[in-house]
Each structure stands twice: as structure tokens, then as C-alpha cells.
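Accompanying notes for the structure given below.
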Amino acid sequence: MTLTVGPGDPRDPQATALLRDSHALMQRLFAPEENHFLSLDALAGPDIRFFTARLGDTIVGTGALALRDGYGEVKSMFVADVARGKGAAAALLGAIEAEARALGLPLLRLETGDKLDSAHRLYARHGFAPRGPFGDYTANATSLFMEKPLT
């Protein structure tokens, strides 16, 4: 099956199921005050560009670009176990970056958890480097912050 990535809707039942799986994982790994995922309603907002990765007709990954003042933020990156290692996360990140560039955003930022080693490797491979907290985030024991210039 061919992997495809494109705009999606977080309210699509398949996307919603994946997002709920992602949220459940984050709640198991991190304390409530250390979780910064967006709600389904927030992901459907006008300041979000939401993407899905599909294998055939099945949504196997999600990712979003949150439009912030002067930058874009990578949010809701999650890939189902069945699609891990098949390029879905890289394809989603590529779509997010392409959208940010098309919108003229100068950089991408993200917050991720310290226990998410595969995510750290993905972001580093795609040019993200560590930085300090940004936006409304504050430093804590489990958050890692990264940034990638687009200009």
C-alpha cells in the first residue's frame, strides 16, 4: 500500500481514534501539568492546519501546524504502531514544513516529552535543534523544546 499525506480533519473517526490513543499515551507517561496536547476542538480551529497520513484508506498518522505569532508550532504528531518505521512521521513532518514555508513562516518550533526518544531522533534528522521554552511554555523536568529555521 502507498503512504499518502494530506490535509485532514481531526473529527474524522479514524483521526479522532488515533488522537485519543496519543492523548492516552501522554497521560500515562507524563503528569497532567506536563501534557500540552491540543483538544480535538482546538485542532479543528482556524489557526491549525491538520494533516493525516494514510496507508490505503486507513489513517495511520496525524500531525498539525499551529499558526503562532511569528512562527509555526508542530503539534499532535502521532503514528499508529502498524505504520512505525514506514516513513509516516517523516512525511507528516514534511507536509507541516511545506505548509509553514508556503505561509511564509520563518521557523518551526515544538515541545516534546523527554521519554519520546524516537520523536527526538526524527526531529533532529529533520534539522530541529534544542532551544529553551517558548510561547506559553515554562521549563519543567520532562519537556524538550526544539526549533528549525525555515529561511
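Arranged from highest to lowest average of other beta-carbon atoms within 10 Å per residue, in what order do the peptides 72-82, 123-133 appear? List each step's numbers first, then the result.
Values: 72-82: 20.6, 123-133: 14.2.
Highest mean packing first, the order is 72-82, 123-133.
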Q: Grab the other residues whose beta carbon is less than 13 angstrom from that of residue 90, score K and R as +1, D and E as -1, and report the net.
A: +3
Q) What nm value, rounded to one decimal, do you get for the distance between residue 2 and residue 33 when each label is placed 7 Å out toward the C-beta? A) 5.0 nm
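Rounded, prolate or oblate, given the Cα gyration tensor of region 3-106, with a/c below 1.5 counting as rounded?
Oblate, because a/c is 1.5 or more while a/b does not exceed b/c.
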Q | ³J(HN,Hα), Karplus 6.51/-1.76/1.60, whole Hz, each residue of region 85-92, x for Gly, Pro | A | x, 10, x, 5, 5, 4, 5, 5
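Can you compute the charge dipole magnitude of region 3-106 about its Cα centre, using +1 on each Lys and Arg Cβ and -1 on each Asp and Glu Cβ, nothing else charged? Give it in debye, rounded to the nearest 20. Intermediate values should be presented prior to the final figure.
Numbers: 10 positive and 13 negative charges, 55 e Å.
Roughly 260 debye, rounded to the nearest 20.
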Q: Multiply the residue separation of residue 68 and residue 16 by 0.36 nm, subtract the distance between their alpha-carbon atoms, and state the gained length in nm to one decimal.
A: 16.4 nm
(Q) Given points 7 Å out from each Cα along the Cα-Cβ axis, report the residue 9 to residue 131 separation in nanometres with one decimal. (A) 3.4 nm
Q) Extension gain residue 81-residue 47, at 0.36 nm per residue separation less the Cα-Cα distance, in nm? A) 9.4 nm
Q | Within region 120-151, backbone nitrogen closer than 17 Å to the virtual label 7 Å beyond the Cα of residue 114 toward Cβ | A | 120-121, 130-134, 138-146
Q) Based solely on its DSSP helices, what 222 nm [θ] is calculated for the chain when runs of n ≥ 4 H residues each add -39,500 (n - 2.57) and the sum is averaged over all residues, nearest 500 deg cm²/dmol? A) -9000 deg cm²/dmol
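Coordinate-derived values only; no laboratory data. All figures in this text were calculated on a predicted structure; none of them were measured in a lab. A quick note on method: Cβ atoms are made from the backbone with ideal geometry, for glycine too, and the neighbour counts reach across all protein chains shown.
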